[in-house]
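> I have a structure I would like to understand better, so I am pasting it below and will then ask my questions one at a time.
The values are calculated or read from the model by the stated rules, or taken from the named source; none is laboratory data. What you are looking at is a predicted structure, and each value in this text was computed from that prediction instead of being measured. Neighbour counts are summed over all protein chains in view; Cβ atoms, including those assigned to glycine, are modelled from backbone coordinates with ideal geometry.
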């Protein structure tokens, strides 16, 4: 295992202790995939560690993208400015029907390339050919929470169950523990209660959680109410989906106060995707209310076809600004809190432990930001500069599980030039099938 010593950096621990002044100055010693020590002038204590100069750098926990469909990078810009259900039924699902394993291979590589270069070290993915996604994630060095998307009707409903079980048996806890798996029933409008009962039974058998889309649009809410006499959240609660297992619920835009209480009391992880929700005009999730009541909220980008990027730095800024203007309250979601949504809170939303904070004993997933940029000077508040001013191009070094994955903007595990070339070829072919 590599041994690394980051020296003389500004460090943002995201430890939930220091809040308003949420940074310190010093060194970070890393070995065996975890953070060993944080302190001043540690070089003499770790003479055989590889030194990384942290001068003029901000070190943060790796960003955690709580909801993606990674290989949808191939459909970036393919269909825009449409209602969600029209977008899905007329454009996306017809193209996805033609997806091949090779498409997923290059689309996922493109997504992981984009994520690493913009500071994401862990992502939760729900898509197809997930064995291929797992192989790409393992090779790249990124951390991933993977779910095979499941539709509860049609010819592939039972196949999805079989392939999901194979994915969990093959990959859960693999790649030195960087890959974990969940079951991925798509949504209540594509997975009826009787199918979800089978999914829940399988999840309990395999001892893994669930990743599902919930209450994304008012149309979904109204349709589910019409069909079942209750909202998506209450329907899921009534069938026991939230009981005795971890659930990651993407979106949760349209919630009543009662439904907020249900999600908080049941410990449901919520993936907030502000840019996708804005682009599809789905609405604004009640994140301040959820947080006030202790909800497990993380940030996600959604797929690159509805965002249209996987940039978590941009997502943080959008999240902060969206809720301030929505409530006419500039004090809501201050910079340090938004950063926590993208780091330690994101880890909790995914059900992951010892991740998302810079503490001894925590997994060494770290990102270094170059502070010598015109838009990051002066540095009155490093966290405010990060959330409100930083660009993805400011990310210079990425460490995942204690290993250098990108150093001074050089990718060490991926062939960037080849990925960009091949992704364009397969995306063009997919659009023309």
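> Checking residue 148 against (1) touching a helix residue (DSSP H, G or I) at 6+ places or on another chain (Cβ under 7 Å); (2) outside any helix (DSSP H, G or I); (3) over 27 Å from residue 110 (Cβ atoms): exactly one of these is not met. Which one?
If we test residue 148 against (1) touching a helix residue (DSSP H, G or I) at 6+ places or on another chain (Cβ under 7 Å); (2) outside any helix (DSSP H, G or I); (3) over 27 Å from residue 110 (Cβ atoms), just (3) comes out false.
> Right, something else. Failed condition for residue 61, given (1) surrounded by fewer than 16 Cβ atoms within 10 Å (Cβ to Cβ); (2) modelled with pLDDT of 95 or more; (3) closer than 30 Å to residue 107 by Cβ, with all others met?
(1)
> Now, a different point. Take residue 291 and tell me if it is in contact (Cβ under 8 Å) with a residue 12 or more places away in the chain, crowded, with 24+ Cβ neighbours inside 10 Å and not in a loop (DSSP other than H, G, I, E, B).
In short, no.
> What helices (runs of 4 or more DSSP H) lie completely within the stretch 315-414 and have 1 or more residues being in contact with a helix residue (DSSP H, G or I) (Cβ under 6 Å, 6 or more places away or on another chain) and buried (at least 21 other Cβ atoms within 10 Å of the Cβ)? Spell out the reasoning first.
Values: elements: 335-341, 344-349, 382-389.
Passing ranges, in order: 335-341, 382-389.
> Working carefully through the options 233, 151, find the one that is more than 30 Å from residue 416 (Cα to Cα) and crowded, with 20+ Cβ neighbours inside 10 Å.
233
> Check whether at least one residue in the stretch 102-113 is in the same structural domain as residue 312 (by TED's automatic domain parsing), in a loop (DSSP other than H, G, I, E, B) and closer than 20 Å to residue 400 by Cα, and report yes or no. Don't jump to the end; show me each part of the working.
Of all residues in the stretch 102-113, those in the same structural domain as residue 312 (by TED's automatic domain parsing) come to 102-113.
With in a loop (DSSP other than H, G, I, E, B) added as a condition, the list becomes none.
No; the residues of the stretch 102-113 include none that is in the same structural domain as residue 312 (by TED's automatic domain parsing), in a loop (DSSP other than H, G, I, E, B) and closer than 20 Å to residue 400 by Cα.
> Okay, moving on. Give me the residue from the stretch 253-272 that is farther than 14 Å from residue 237 by Cβ and out of contact with any strand residue (DSSP E or B) (no Cβ under 6 Å at 6 or more places or on another chain) and, out of that set, surrounded by the fewest Cβ atoms within 10 Å (Cβ to Cβ).
Step by step, filter the stretch 253-272, then rank; the result is 257.
> Go through the stretch 115-133 and give me each residue that's closer than 25 Å to residue 345 by Cβ, in contact with a helix residue (DSSP H, G or I) (Cβ under 6 Å, 6 or more places away or on another chain) and in a helix (DSSP H, G or I).
Hit for the stretch 115-133 is 133, nothing else.
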